[in-house]
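Reviewing the structure listed below.
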Amino acid sequence: PPIRHEQDGVVEEEQPGYDVDLVAGTLDRETLAYIQSLMTKYATQMFEDTVGAAVWCRRLHYSMRAFHEIVLFMEKLYTSPNDDQREFALNTLANAFYENEFLQLIAKLAVRFSDGKESREYL
């Protein structure tokens, strides 16, 4: 059912869902590549810079949270009854997990997880 908004006596109806064009305009391949490059950079620095590892680990955590939010949003779009939204989500996720280096990074981070250094949220 449509969502009704009233402002200054004017009632507007809005269809539920997401404006895929709007989301695609802000969440494009470059955005994903940027977040993935940050994750890679911060993980590399965390492994190499033992003195500043805590700072790099925190930055890595924030970049991983950003990536996680994108994946959750794509999951919502993928379960939408709208074909355009499902297609957008599928293509975005396919692009996100296309590069083998990024998949290896995720696996490496999971293997190197330490209860003493990282929280459960890290996983």
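The values are calculated or read from the model by the stated rules, or taken from the named source; none is laboratory data. Small disclaimer: the values here were computed from a predicted structure and weren't measured. Only protein heavy atoms, including side chains, enter the accessible area calculation; ligands, DNA and RNA are left aside. Shrake-Rupley method; radii C 1.70, N 1.55, O 1.52, S 1.80 Å.
Quick notes on this one:
- Solvent-accessible surface of the stretch 21-72, averaged per residue with a 1.4 angstrom probe and all protein chains in place: 62 square angstrom.
- S114 accessible area, assembled protein chains, probe 1.4 Å, Å²: 40 Å²
- Summarising the amide proton neighbourhood of D28: residues at separation of 5 or more, or on other chains, whose placed amide H is nearer than 5 Å comprise an empty set.
- Along the stretch 74-79 the Karplus relation, 6.51 cos²θ - 1.76 cosθ + 1.60 evaluated at θ = phi - 60°, assigns HN-Hα couplings of 5, 5, 4, 5, 5, 8 Hz to successive residues, with x for each Gly and Pro.
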